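*Asks:* Pasting in a structure now, in structure tokens, and then I'll have a few things to ask.
The values are calculated or read from the model by the stated rules, or taken from the named source; none is laboratory data. Model, not experiment: these values are computed from the prediction. Note that each Cβ is placed from the backbone with ideal geometry, even for glycine, and that neighbours are counted across all protein chains shown.
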Amino acid sequence: MADLLIELFSEEIPARMQRRAAADLQKLVTDGLVEAGLTYAGAVAHCTPRRLALSVQGLTDESPTTTEARRGPRVDAPDKALAGFLRSTGLTREQLDEEDDKKGRVFIARITNPGRPAAEIVAEVLETTIRNFPWPKSMRWGAGSLRWVRPLRSILCILTREDGSEVVPLTVDGIVAGDTTEGHRFMAPAPFRVTSFDDYEAKLKRAHVILSSEERADAIWHDATNQAFAAGLDVVEDKGLLAEVAGLVEWPVVLMGEIGVDFLELPPEVLQTSMKEHQKFFSVRDKTGRITRFVTVANRETADDGATILAGNNKVLSARLADAKFFWENDLRVAKAGMEPWLDALSNVTFHAKLGSQRARIDRIAALAREIAPAVGAAPDLAERAARLAKADLSSEMVYEFPELQGLMGRYYAQAAGEDPAVAQAAQEHYSPLGPSDDVPTAPVSVAVALADKLDTLAGFWAIDEKPTGSKDPYALRRADLGVIRLILNNALTLSLKPVIAAANAEAEIADLLAFTHDRLKVHLRDEGIRHDVIDACLTGERTDDLADLVARARALNDVLATEDGTNLVQGTKRAANILAQAEAKDGVEYSYGADPKLAETDAERALFDAMATARPRIDAALTAEDYPSAMAALAALRGPIDAFFEAVQVNADNEIVRRNRLNLLSEITRMAAKIADLTRIDG
């Protein structure tokens with residue numbers, strides 16, 4: 001057994017590519033080793049700004065010898081067929097065996113593939129990996145043909161056993177593999193030899209390189225929070241930024257600086273966004289939530305403990321924040337005078353070539369929000385006003401500079417303009433929910449505008465036949481549709497989507513868009529344990545566009561199906577539907593005229609009539625009250641009488657009058673169940 005250590009040392013790798021590259025290196029190498037016949041006990045990959053490293057433990061020393069039996073032509077086949085077979089196997093006629101086959105006696109070639117040493121296989125696999133590495137972007141340099149994300153400087157590749165280590169013989173585009181690497185670019189640039197992964201990791205740390213990105217991130221967060229705590233402050237948590245910064249440094253040195261007093265009155269989100277996007281700084285806030293300081297992470301220790309670095313960062317940050325302050329003050333002047341100029345400017349901004357400008361879209365959303373408002377408990381005038389102003393900040397200088405602040409800045413500007421608080425709130429919240437874990441607005445005006453925004457998008461793109469296809473969804477229509485679903489369900493809204501879609505865009509294919517929504521609904525409810533076929537069973541009647549009603553019925557049905565009565569009821573209903581369908585096809589008539597209890601001949605038959613007479617008003621009353629659990633419970637109570645009926649009664653009796661009556665009874669069973677769900681659509 002041996003341990004394999006690989007390091008691919010290069011110029012700086014973009015932080016966003018590092019972790020994926022480490023995972024790709026591990027997969028490509030380990031898959032290649034296994035495919036070549038080697039096995040291993042474990043593997044772990046690491047990344048820093050200048051290196052990808054892979055440690056494979058417990059690698060077998062060589063691949064096993066294998067023997068392959070290859071079937072050839074029949075022994076009486078033409079000589080040319082035999083000659084071709086011999087060429088393909090590299091054997092002679094005397095080395096072939098003969099065996100009986102279904103088609104006669106055939107030649108068999110037994111080819112032995114001798115095992116190969118691990119070093120030979122590693123060299124092949126690693127060269128293939130390097131030459132075909134799936135970087136999102138790569139480059140060539142110098143006179144070589146190799147492509148890498150940044151110039152590749154060296155390859156470390158060693159196999160370590162109890163008796164020592166050996167360098168794997170490998171040359172890629174003039175780069176000869178060895179057992180040396182380098183430490184920190186500035187603090188320890190001298191090369192050094194390594195003999196194993198443990199030796200490699202320890203010597204790197206002594207050379208001011210922390211190999212593990214998780215360890216670097218932990219060190220950054222620990223030092224940042226400790227420094228903030230000592231000053232009575234808190235670091236604003238940002239896991240994405242932390243992962244990115246950990247990919248920018250090999251030896252993190254955390255420094256905390258102060259924000260100039262001229263900028264402390266900027267909205268905290270502006271400060272945080274500016275520092276994160278431009279400088280990769282963490283924001284530090286006081287107990288009131290005001291951001292007063294920043295944390296930056298240097299890549300080296302300095303004699304002045306980072307004072308020069310902080311001074312340079314402060315200078316750059318002040319210039320950035322001066323721009324932000326200028327944008328903020330200009331935008332406030334416009335907002336206080338009225339946001340109409342911003343709306344007028346959106347007339348010149350195209351939303352989509354076939355759907356008009358952003359201003360035209362705002363007009364549509366405002367009209368739709370007014371129509372939706374009563375259903376969500378919002379004042380129509382307020383919903384329309386909120387929809388008209390919700391996207392005005394798209395014309396502001398601040399959002400032009402920081403697009404990720406759209407909506408949030410709209411709230412600030414609406415407040416500055418003296419708008420109703422609900423209008424300001426809707427400006428920020430109407431984009432939500434943006435994803436499955438995003439918060440869902442609950443304020444009525446926000447809900448009205450959010451629904452109008454998303455439904456206008458969906459209906460518009462359906463009208464111009466720009467629907468998602470396969471994995472392609474360039475306009476994020478699946479996300480918009482999931483947003484509609486979550487807004488309706490989380491707020492328990494009774495809302496018929498058909499007239500709303502028609503109001504949004506009369507040219508939209510409503511049935512097709514509803515089918516798309518139902519598919520998204522199935523995915524959304526999967527985590528709740530509601531199966532696709534349960535949703536399908538509830539897609540009956542005229543209220544399939546009322547998602548809250550649809551889900552309520554699905555949940556009730558799902559609960560009943562978890563019981564023995566429910567599963568047996570489904571089977572009984574399916575049996576009734578099958579017998580009825582066969583009889584109607586044979587007789588050419590529809591049995592739906594009502595069954596007469598007076599024609600019942602058996603106790604089981606009379607018991608089913610009585611049970612249905614009891615269940616029918618209960619089900620109807622429960623459905624009227626939209627009490628679907630009670631409706632399903634009343635339906636499930638029929639399970640026993642239905643089972644007894646099928647055990648004791650022959651539906652297709654010789655007496656034609658009795659037969660027709662029993663078929664009409666089966667029709668009543670299926671129609672009664674169909675008021676809640678089409679149980680024939682349930683799988684199994």
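*Asks:* Considering only residues that are modelled with pLDDT of 95 or more and farther than 15 Å from THR129 by Cα, which ones fall in the stretch 140-153?
*Replies:* Residues satisfying the conditions are ARG150, PRO151, ARG153.
*Asks:* Same structure, new question: What about ARG150, is it exposed (fewer than 12 other Cβ atoms within 10 Å of the Cβ) and either outside any strand (DSSP E or B) or outside the structural domain of VAL176 (by TED's automatic domain parsing) (or both)?
*Replies:* Judged against the criteria, ARG150 is not a match.
*Asks:* Of all the residues that make up the stretch 300-321, how many are more than 30 Å from VAL209 (Cα to Cα) and either in contact with a Gly (Cβ under 9 Å, 6 or more places away or on another chain) or not assigned by TED's automatic domain parsing to the domain that holds GLU258 (or both)?
*Replies:* Result for the stretch 300-321: 2.
*Asks:* Residues ILE158, ILE130, ILE210: which one is modelled with pLDDT of 95 or more, touching a Leu at 6+ places or on another chain (Cβ under 6 Å) and among the β-branched types (Val, Ile, Thr)?
*Replies:* None of the others qualify; the one that does is ILE158.
*Asks:* Please work out which one of (1) outside the structural domain of LYS287 (by TED's automatic domain parsing); (2) farther than 20 Å from ALA45 by Cβ; (3) of a type in the set (D, E, K, R); (4) buried (at least 17 other Cβ atoms within 10 Å of the Cβ) is the condition GLU201 fails and give its number.
*Replies:* (2)
*Asks:* Can you tell me how many residues in the stretch 71-103 are loosely packed, with under 11 Cβ neighbours inside 10 Å and part of a strand (DSSP E or B)?
*Replies:* Residues that pass the stated criteria total 1.
*Asks:* Take LEU266 and decide whether it is crowded, with 19+ Cβ neighbours inside 10 Å and either under 30 Å from ARG388 (Cβ atoms) or aliphatic (A, V, I, L, M) (or both).
*Replies:* Against the criterion (crowded, with 19+ Cβ neighbours inside 10 Å and either under 30 Å from ARG388 (Cβ atoms) or aliphatic (A, V, I, L, M) (or both)), LEU266 qualifies.
*Asks:* Take the stretch 153-176 and flag every residue that is among the acidic types (Asp, Glu), part of a loop (DSSP other than H, G, I, E, B) and surrounded by 11 or more Cβ atoms within 10 Å (Cβ to Cβ).
*Replies:* ASP173
*Asks:* Being within 30 Å of GLU384 (Cα to Cα) and among the small types (Gly, Ala, Ser): is that true of ALA360 here?
*Replies:* Yes; evaluated as a whole, the condition is true for this residue.
*Asks:* Filter the stretch 1-12 down to the residues that are more than 25 Å from ALA217 (Cβ to Cβ) and either small (Gly, Ala, Ser) or surrounded by fewer than 17 Cβ atoms within 10 Å (Cβ to Cβ) (or both) and list them by number.
*Replies:* The answer is MET1, ALA2.
*Asks:* Among the residues of the stretch 104-127, is any outside the structural domain of LEU25 (by TED's automatic domain parsing), modelled with pLDDT of 85 or more and in contact with a helix residue (DSSP H, G or I) (Cβ under 6 Å, 6 or more places away or on another chain)?
*Replies:* Yes, that holds for at least one residue.
Condition check ((1) under 30 Å from PHE281 (Cβ atoms); (2) touching a helix residue (DSSP H, G or I) at 6+ places or on another chain (Cβ under 9 Å); (3) part of a helix (DSSP H, G or I)) across all residues:
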{"position": "LEU310", "(1), (2), (3)": "yes, no, yes"}
{"position": "ALA324", "(1), (2), (3)": "yes, yes, yes"}
{"position": "PHE327", "(1), (2), (3)": "yes, yes, yes"}
{"position": "LEU332", "(1), (2), (3)": "yes, yes, yes"}
{"position": "PRO341", "(1), (2), (3)": "no, yes, yes"}
{"position": "ALA345", "(1), (2), (3)": "no, yes, yes"}
{"position": "ILE365", "(1), (2), (3)": "no, yes, yes"}
{"position": "ARG370", "(1), (2), (3)": "no, yes, yes"}
{"position": "ALA373", "(1), (2), (3)": "no, yes, yes"}
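*Asks:* Filtering the stretch 346-365 down to residues that are of a type in the set (Val, Ile, Thr) and surrounded by fewer than 19 Cβ atoms within 10 Å (Cβ to Cβ), which residue is nearest to the chain's Cα centre (by Cα)?
*Replies:* This residue is THR350.
*Asks:* Considering (1) part of a loop (DSSP other than H, G, I, E, B); (2) touching an Asp or Glu at 6+ places or on another chain (Cβ under 9 Å), say which one ARG555 fails and leave the rest.
*Replies:* With respect to (1) part of a loop (DSSP other than H, G, I, E, B); (2) touching an Asp or Glu at 6+ places or on another chain (Cβ under 9 Å), ARG555 is out only on (1).
*Asks:* Moving to a separate point now. Look at the stretch 426-476 and say how many of its residues are among the aliphatic types (A, V, I, L, M), more than 28 Å from LYS354 (Cβ to Cβ) and without any contact (Cβ under 8 Å) to a residue 60 or more places away in the chain.
*Replies:* Within the stretch 426-476, residues that are among the aliphatic types (A, V, I, L, M), more than 28 Å from LYS354 (Cβ to Cβ) and without any contact (Cβ under 8 Å) to a residue 60 or more places away in the chain number 2.
*Asks:* In the list TRP221, TRP251, which residue meets the criterion of being assigned to a helix (DSSP H, G or I) and assigned by TED's automatic domain parsing to the domain that holds ARG293?
*Replies:* None of the others qualify; the one that does is TRP221.
*Asks:* Which residue out of GLU371, GLU404 is over 19 Å from ALA416 (Cβ atoms), at pLDDT below 95 and surrounded by fewer than 19 Cβ atoms within 10 Å (Cβ to Cβ)?
*Replies:* Criteria check complete, one pass: GLU404.
*Asks:* Next question, about the same structure. Is at least one residue of the stretch 262-273 out of contact with any Pro (no Cβ under 7 Å at 6 or more places or on another chain), among the aromatic types (Phe, Trp, Tyr) and in a helix (DSSP H, G or I)?
*Replies:* yes
*Asks:* Quickly run through the stretch 13-49 and pick out the residues that are under 31 Å from the mean Cα position of the chain (by Cα), in a loop (DSSP other than H, G, I, E, B) and buried (at least 17 other Cβ atoms within 10 Å of the Cβ).
*Replies:* Listed by number, the residues that qualify are ILE13, PRO49.
*Asks:* Being over 19 Å from ARG185 (Cα atoms) and surrounded by fewer than 22 Cβ atoms within 10 Å (Cβ to Cβ) narrows it down to one of ARG285, ARG300, so name that one.
*Replies:* Of the residues listed, the single one that is over 19 Å from ARG185 (Cα atoms) and surrounded by fewer than 22 Cβ atoms within 10 Å (Cβ to Cβ) is ARG285.
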